[in-house]
Every structure is written in C-alpha cells, then in structure tokens.
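Each value in this text was obtained by applying a stated rule to the coordinates, not by laboratory testing. Given the structure is predicted, the values throughout are model-derived calculations rather than measurements. Positions of Cβ are generated from backbone atoms using ideal geometry, with glycine treated the same way; all protein chains shown enter the neighbour counts.
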Amino acid sequence: MKKINKTDEEWAKELSSEQFSVLRKKGTEAPFTGKYCHNENTGKYLCAACGNELFSSDSKFDSGSGWPSFWKSVLNESVEEKEDRGLLMRRTEVTCSRCGGHLGHVFKDGPKPTGLRYCINSAALKFVEEKDVSE
Ligand code: FE
C-alpha cells in the first residue's frame, strides 16, 4: 500500500479540529458522543483522513463501550497494530496503514470468530452507506 505522509500543518487544513486531535494527536472522543456509535446502517467505514477502507458494517457490533466496535478490519493490511505503553495500561494501538492516522485500540475481549474488539473513534471514520457505494 502506498503510504501518505503529510505534516501536521497540512493535515490541520484538511481535517476538522476533532478529526485532527484523534487522527494526528491520538486523542479519544468522549464515549457515546461519536456519530457512528449507534449507526446500524449497512456500508463501509473509511479513514476520515485518507479514504482508506478500514471496516465494514458486517463486522460491527454493539460492545456497550460507547465507541464504534468491530471484530475485524476489512483486510489485515487495512490497519496497523502496535503496542502502546501508557502509564498504567498496556494497550494495542490501531492506525490507518495508509496515512498512519490514529484510529483507536484493539482488545482481546471481542466476539467470535476473532475474539477481537476494535474500539474506534467515530471522528477517525467516514461512513459510506451501501446504496451510495453501488451507485
Ligand atoms: Fe488513513
């Protein structure tokens, strides 16, 4: 996959302040505030920064966490995962493999078949409804 490299200055011009704080500064939106938390429509979730296809409604589930949750990414190579050592928690960060944007974290308490829970900020995503995709 061809990588996209832009400076913070360039991203700041293209993204809303909320998108910028999540995608470029690893921020986390408050739970239950994101626009896709309760979105049950059929479609694809793209990276809000670069349009990379990340997740599908097929693997979205209600985790009760307050953030959109998925049990897998569209392709293994859609996202990159790396250990994030915070002060008290060891978590696995999930980033967009094309632009490096921070998406959220992945946990090992998800449903079958993967047992994974990708906990993703709505602000990092752009939802495209299925009927729009096929047009
Ligand atoms: Fe991206």
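Close amide H pairs (under 5 Å, H built 1.01 Å from N) link F55 with Y45, V74, residues at least 5 positions away or on another chain.
If you look at the Cα atoms of region 33-135, you get an Rg and a Dmax of 13.0, 47 Å. Just to compare against my own numbers: the Cα pair-distance distribution for region 1-68, 10 Å bins, whole % per bin, please. Taking every Cα pair in region 1-68, the percentages come to 18, 45, 30, 7.
Between the residues S56, Y118, S97, the greatest Cα displacement towards the positive end of the dipole of region 28-121, with unit charges on the Cβ of Lys, Arg, Asp and Glu, is found for Y118.
Computed from label points 7 Å out along Cα-Cβ, the spacing between M1 and T92 is 1.6 nm. Simple spin-label estimate for L75 and S56 gives 1.3 nm between the two label positions (7 Å along the Cα-to-Cβ direction from each Cα). Applying both filters, DSSP loop and at most 12 other Cβ atoms within 10 Å, to the trypsin sites (Lys or Arg not before Pro) of region 45-114 gives K108. Taking label positions 7 Å along the Cα-Cβ direction at both K13 and K35, the computed distance is 2.3 nm, reported to one decimal.
One Cα centroid belongs to region 1-55, the other to region 69-135; the line between them spans 11 Å. The GluC sites (Glu not before Pro) found in region 8-114 that occupy coil by DSSP, while having at most 14 further C-beta atoms within 10 Å, are E40. Pairs of Cα atoms nearer than 8 Å and 6+ residues apart set the relative contact order; for region 2-135 it is 28 percent.
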